[in-house]
Amino acid sequence: MSKRIILGVNISSRTQAVPEVQKALTKYGCNIRTRLGLHEVSGDSCAPGGLLILEMFGDDKSIGEMMARCRQFKAWKCRK
């Protein structure tokens, strides 16, 4: 049975994590219905961290695999 689950992914070092984040988002792209990225910006700087809010759609196995992938990286904190 398909479920809809919201994941919050806190990324502490966006610039270093970008390649792995993009790989995971591409791999599980068919299970991501909505993706919202947030980070602090000002006129002269951009925050090193960021927050991804993902609306996941699909079976428990696929969503579990995405969460496990997130948890492999120190720069990522993933919560359901």
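What follows draws every value from the coordinates through simple rules; no lab data is involved. Predicted model, so just to flag it, every value in this text is computed and none were measured. Counting neighbours? That spans all protein chains shown, and the Cβs are built from the backbone with ideal geometry, glycine included.
Would you work out the relative contact order for the chain, in percent, from Cα pairs under 8 angstrom that are 6 or more residues apart? Can you show the working numbers first?
Details: 131 pairs, mean separation 38.1, N = 80.
Averaging sequence separation for qualifying contacts and normalising by length gives 48 percent for the chain.
How much FRET efficiency would the formula 1/(1 + (r/R0)^6) give for Lys80 and Glu40, where r is the Cβ-Cβ distance and R0 is 22 Å, rounded to 0.05? Once the sixth-power term is evaluated, E becomes 0.35.
Residues Val21, Val9, Val41, ranked from the fewest to the most other C-beta atoms within 10 Å, line up as Val41, Val21, Val9. What aspartates and glutamates sit close enough to Lys77 to cross-link, taking a C-alpha to C-alpha distance under 18 Å and skipping anything fewer than 8 places away on the same chain? Answer for Lys77, where 18 Å is the Cα cut-off: Glu20, Glu40, Glu55, Glu65, listed by chain and number.
For the chain, the list of Cys residues with no other Cys C-beta under 4.7 Å reads Cys30, Cys46.
Based on Cβ point charges of +1 for Lys and Arg and -1 for Asp and Glu, what charge dipole magnitude is obtained for the chain about its Cα centre, in debye rounded to the nearest 20?
280
Full extension of the chain between Cys30 and Ile6 yields a length gain of 7.2 nm, computed as 0.36 nm times the residue separation minus the alpha carbon distance.
Helix 14-27 and the longest principal axis of the Cα set of the chain meet at an angle near 20°. Summarising the amide proton neighbourhood of Tyr28: residues at separation of 5 or more, or on other chains, whose placed amide H is nearer than 5 Å comprise an empty set. Here the Karplus curve 6.51 cos²θ - 1.76 cosθ + 1.60, taken at θ = phi - 60°, turns the phi angles of the stretch 36-48 into couplings of 10, x, 10, 7, 7, 9, 9, x, 10, 8, 9, 4, x Hz, with x standing for Gly and Pro.
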